[in-house]
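Peer 1: Below is a structure I'd like to ask you about.
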Amino acid sequence: MSVSVPLQAAPSRPDPKAVLTLLKPVTWFPPMWAFTCGAISAGVPLNDRIPLLALGICITGPLVCASSQAVNDWFDRHVDAINEPQRPIPSGRIPGRWGLGLAVLWTLLSLAAAVPLGAFGIGAVSLALLFSWAYSAPPVRLKQNGWLGNAAVGFTYEGLAWVVGAGVMLGNRVPPTAIILLAVVYSIGAHGIMTLNDFKAIDGDRRMNVRSLPVLLGAQGAARVASIVMLAAQVVAIALLVWWGKPVHAAAIAVLTLVQAVMMSRFLKAPIERALWLSAAGVPFYVSGMMIAAFAVRATPMVEALR
């Protein structure tokens, strides 16, 4: 006599742990770091602006960046079913349309949290959220093209976050040229960092017609582009600091860049196997250079004129 075992019903609500996984806390660091770099580069005393600094860091990371991750996971659920079937949505831990609902909810929370930042902050957060949806959602879906998608992420994660951090600390004003130049340079370099992240999804991207750079250029070609872009951006930052009379800061960034160049030579020998290694071990040198540049630029005449 056989005994039938009832099938376990699919969950009707998401698992809280799955929601946290969906929001990917590990990805929050870059925009939070860039916002902090912007705040430091403004050159104003931060002691009486700690609440504003904390709010900005919270908005850039746990809110705006987290919402972009939820948006991306929802519209990437078919690709993730191939590349990462254990992700919360394809695995069913976030059932039905809960993934889309969470993406919308976090977007609205981000906008609400930006209100105390004033018009400058609200406008920047709105722009960042617009890019996050355009990156993942059809019909725009910028990530379909590795050149455009990575540029959009680099712009929002690094450049925009840096400019907002400085602008908010300067009293909702557009930062001076020196700050904007560094933000643009490092956001261009972030294009290479995003390319490193694309190596883990080559198979699914190819099958789902996502034209990431590893798919478009091949692993070796994409590895060269990522390395050149990251190094070139830092060389430009070094040149700018020398021009602005900050040779010590420039030399420090040059050392960090040289270390990355050595690591990249190893990465280029086996890009698919070592992309995540370079991302984990090499990118910290890149972002350390960002902070050094932020401390350097705060004392330049162009910044001092606005204080």
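The values are calculated or read from the model by the stated rules, or taken from the named source; none is laboratory data. All values derive from a computational prediction rather than experimental measurement. Here the Cβ positions follow ideal geometry from the backbone for every residue, glycine too, while neighbour counts run over all protein chains shown.
Peer 1: Which one of these does Val79 not meet: (1) modelled with pLDDT of 90 or more; (2) farther than 29 Å from Tyr286 by Cα?
Peer 2: (1)
Peer 1: Any chance you could count how many residues in the stretch 228-239 are crowded, with 19+ Cβ neighbours inside 10 Å and either in contact (Cβ under 8 Å) with a residue 60 or more places away in the chain or closer than 13 Å to Leu181 by Cα (or both)? Don't jump to the end; show me each part of the working.
Peer 2: Of the residues in the stretch 228-239, the ones crowded, with 19+ Cβ neighbours inside 10 Å are 229-230, 233-234, 237-238.
From the residues that got through so far, the ones that are either in contact (Cβ under 8 Å) with a residue 60 or more places away in the chain or closer than 13 Å to Leu181 by Cα (or both) too are 233-234, 237-238.
So the count comes out to 4.
Conditions (1) in contact (Cβ under 8 Å) with a residue 60 or more places away in the chain; (2) within 21 Å of Trp147 (Cα to Cα); (3) touching a Leu at 6+ places or on another chain (Cβ under 8 Å), marked per residue:
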| site | (1), (2), (3) |
| --- | --- |
| Val174 | no, no, no |
| Ile188 | no, yes, no |
| Leu216 | yes, yes, no |
| His249 | no, no, yes |
| Ala252 | no, no, no |
| Ala261 | no, no, yes |
| Ile272 | yes, yes, no |
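Peer 1: Looking at Ile82, Ile89, which is the one that is touching a residue at least 12 places away in the same chain (Cβ under 8 Å), touching a Lys or Arg at 6+ places or on another chain (Cβ under 8 Å) and surrounded by fewer than 16 Cβ atoms within 10 Å (Cβ to Cβ)?
Peer 2: Numbers: Ile89 fails: surrounded by fewer than 16 Cβ atoms within 10 Å (Cβ to Cβ).
That would be Ile82, the only listed residue that is touching a residue at least 12 places away in the same chain (Cβ under 8 Å), touching a Lys or Arg at 6+ places or on another chain (Cβ under 8 Å) and surrounded by fewer than 16 Cβ atoms within 10 Å (Cβ to Cβ).
Here is a yes/no grid of residues against (1) surrounded by fewer than 20 Cβ atoms within 10 Å (Cβ to Cβ); (2) at pLDDT below 95:
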{"residue": "Glu158", "(1), (2)": "no, yes"}
{"residue": "Trp162", "(1), (2)": "no, no"}
{"residue": "Arg173", "(1), (2)": "yes, yes"}
{"residue": "Pro176", "(1), (2)": "no, yes"}
{"residue": "Ile179", "(1), (2)": "no, no"}
{"residue": "Val184", "(1), (2)": "yes, no"}
{"residue": "Phe199", "(1), (2)": "no, yes"}
{"residue": "Gly221", "(1), (2)": "yes, no"}
{"residue": "Ala226", "(1), (2)": "no, no"}
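Peer 1: Check off (1) surrounded by 13 or more Cβ atoms within 10 Å (Cβ to Cβ); (2) in contact (Cβ under 8 Å) with a residue 40 or more places away in the chain; (3) more than 18 Å from Ser187 (Cα to Cα) for Asn209 and give me the number that stays unchecked.
Peer 2: Here Asn209 clears every test but (1).
Peer 1: Continuing with this model, one more query. Which of the following residues is of a type in the set (Ser, Thr, Tyr), under 21 Å from Ser41 (Cα atoms) and in a helix (DSSP H, G or I): Thr195, Thr156?
Peer 2: On inspection, the qualifying residue turns out to be Thr156.
Peer 1: Related question: Within the bounds of the stretch 34-43, is there any residue that is outside any helix (DSSP H, G or I) and surrounded by fewer than 21 Cβ atoms within 10 Å (Cβ to Cβ)?
Peer 2: Of the stretch 34-43, the ones outside any helix (DSSP H, G or I) are 42-43.
The next check asks that each one be surrounded by fewer than 21 Cβ atoms within 10 Å (Cβ to Cβ); those that pass are none.
No, that holds for no residue.
Peer 1: Among the residues of the stretch 176-186, which ones are in contact (Cβ under 8 Å) with a residue 24 or more places away in the chain and part of a helix (DSSP H, G or I)? Give the derivation first.
Peer 2: First, the residues of the stretch 176-186 that are in contact (Cβ under 8 Å) with a residue 24 or more places away in the chain: 176-179, 181-186.
Across the stretch 176-186, the qualifying residues are Thr177, Ala178, Ile179, Leu181, Leu182, Ala183, Val184, Val185, Tyr186.
Peer 1: Which residue pairs have Cβ atoms under 8 Å apart, sit 6 or more places apart or on different chains, and have a first residue in the stretch 53-73 that is without any contact (Cβ under 8 Å) to a residue 40 or more places away in the chain and a second that is among the aliphatic types (A, V, I, L, M)?
Peer 2: Pairs found: Ile57/Met32; Gly61/Met32; Pro62/Leu23.
Peer 1: Does the stretch 9-28 hold any residues that are surrounded by 16 or more Cβ atoms within 10 Å (Cβ to Cβ), part of a helix (DSSP H, G or I) and out of contact with any Asp or Glu (no Cβ under 8 Å at 6 or more places or on another chain), and which are they?
Peer 2: Within the stretch 9-28, Ala18, Val19, Thr21, Leu23, Thr27 qualify.
Peer 1: Scan (1) within 23 Å of the chain's Cα centre (by Cα); (2) in a helix (DSSP H, G or I); (3) at pLDDT below 95 for the single condition Asp48 breaks and write down its number.
Peer 2: Tallying (1) within 23 Å of the chain's Cα centre (by Cα); (2) in a helix (DSSP H, G or I); (3) at pLDDT below 95, Asp48 fails exactly one: (1).
Peer 1: If you check Arg266, Arg274, which single one turns out to be over 16 Å from Phe295 (Cα atoms), charged (D, E, K, R) and surrounded by 14 or more Cβ atoms within 10 Å (Cβ to Cβ)?
Peer 2: On the way: Arg266 fails: surrounded by 14 or more Cβ atoms within 10 Å (Cβ to Cβ).
Sole residue among the options that is over 16 Å from Phe295 (Cα atoms), charged (D, E, K, R) and surrounded by 14 or more Cβ atoms within 10 Å (Cβ to Cβ): Arg274.
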